[in-house]
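Read through the structure below, which is laid out as structure tokens, and then see the notes.
The values are calculated or read from the model by the stated rules, or taken from the named source; none is laboratory data. All figures in this text were calculated on a predicted structure; none of them were measured in a lab. All Cβ positions, glycine included, derive from the backbone under ideal geometry; neighbour counts span all protein chains shown.
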Amino acid sequence: WVQEEPSNMGAWQYMHSIFVNKELGLDVDLQLVARKSSASPATGFKKVHDQQQERIVKEAFGEG
């Protein structure tokens, strides 16, 4: 699962609970690629944002 938001935001927590729901017979192995958990959705610094964005894209395509 790839999302630009921090791991404690966005759809990850909800979707993970759906895909790993043994009552529904689902047990999908999902991996998360996202920014680390944060109280804010953005760092406030373009340089840091660009570094995080580059890491997310590389990890999403298996390069990181």
Scanning region 1-43 residue by residue, the ones that are part of a loop (DSSP other than H, G, I, E, B) and closer than 22 Å to residue 58 by Cα total 16
Of 37, 7, the only residue that is in contact (Cβ under 8 Å) with a residue 12 or more places away in the chain and loosely packed, with under 10 Cβ neighbours inside 10 Å is 37
Among residues of region 37-64 being modelled with pLDDT under 95 and not small (Gly, Ala, Ser), the residue farthest from residue 12 (Cα to Cα) is 63
